[in-house]
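Down below is the structure, laid out as structure tokens.
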Amino acid sequence: MKFIISTKAVNPLALFRSLGYHPDRFGKSYIRRLASLDFPRFHVYLKQKPEGLEANIHLDQKGACYEGTTAHSGDYDGDVLDREVTRIKNILK
């Protein structure tokens, strides 16, 4: 699920930390766990666009099944993601 964060100058790391996310181990995306375990978790990739930051969010249900792959069980739409996007937008207002 994609949405736009329309802000002027913004530090993505500081912004997503304020939303309860932390950078993944490679520093290419942001994660917010739903419990003390690694999964399930929200996972967000960012891309700079002229109108602001494009956030591409999904819900990782579990990790990669096979060593050396990135394939996983994830949800890319639904009520849980709708509520998380609404939560993010409300915080940023």
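Rule-based calculations on the coordinates, nothing more; no lab input. In this text the structure is predicted, and so the values were computed from the model without any measurement. Neighbour counts run over all protein chains shown; Cβ positions are idealised from the backbone, glycine included.
Along Cα→Cβ, 7 Å out, is where each label goes; now give me the distance between the ones at Val85 and His22 in nm to one decimal.
2.7
Once the convex hull of the alpha carbons of the stretch 2-92 is built, what does its volume come to per residue, in cubic angstrom? Don't jump to the answer; show the numbers that get you there.
Working: hull volume 9.5 nm³, N = 91.
That works out to 105 Å³ per residue.
Taking the Cβ of each residue in Leu19, Leu34, Leu59 as the centre, tally the other Cβ atoms inside 10 Å and list the residues starting with the fewest. Mind showing how you got there, number by number?
Details: Leu19 17, Leu34 13, Leu59 20.
If I rank by nearby Cβ atoms, fewest first, I get Leu34, Leu19, Leu59.
Taking the Cβ of each residue in Asp38, Asp79 as the centre, tally the other Cβ atoms inside 10 Å and list the residues starting with the fewest.
Ascending number of Cβ neighbours within 10 Å: Asp79, Asp38.
Can you tell me the orientation of helix 79-92 relative to the chain, as the angle in degrees between its alpha-carbon axis and the longest Cα principal axis, to the nearest 10?
30
Aspartates and glutamates within cross-link reach of Lys93: Cα-Cα under 18 Å, excluding same-chain residues under 8 positions apart?
Here the aspartates and glutamates satisfying the reach criterion relative to Lys93 are Glu51, Glu54, Asp82, Glu84.
Which of these, Leu37, Leu81, Leu53, has the largest mean-square fluctuation under a Gaussian network model of the chain (Cα springs below 10 Å)?
Leu37
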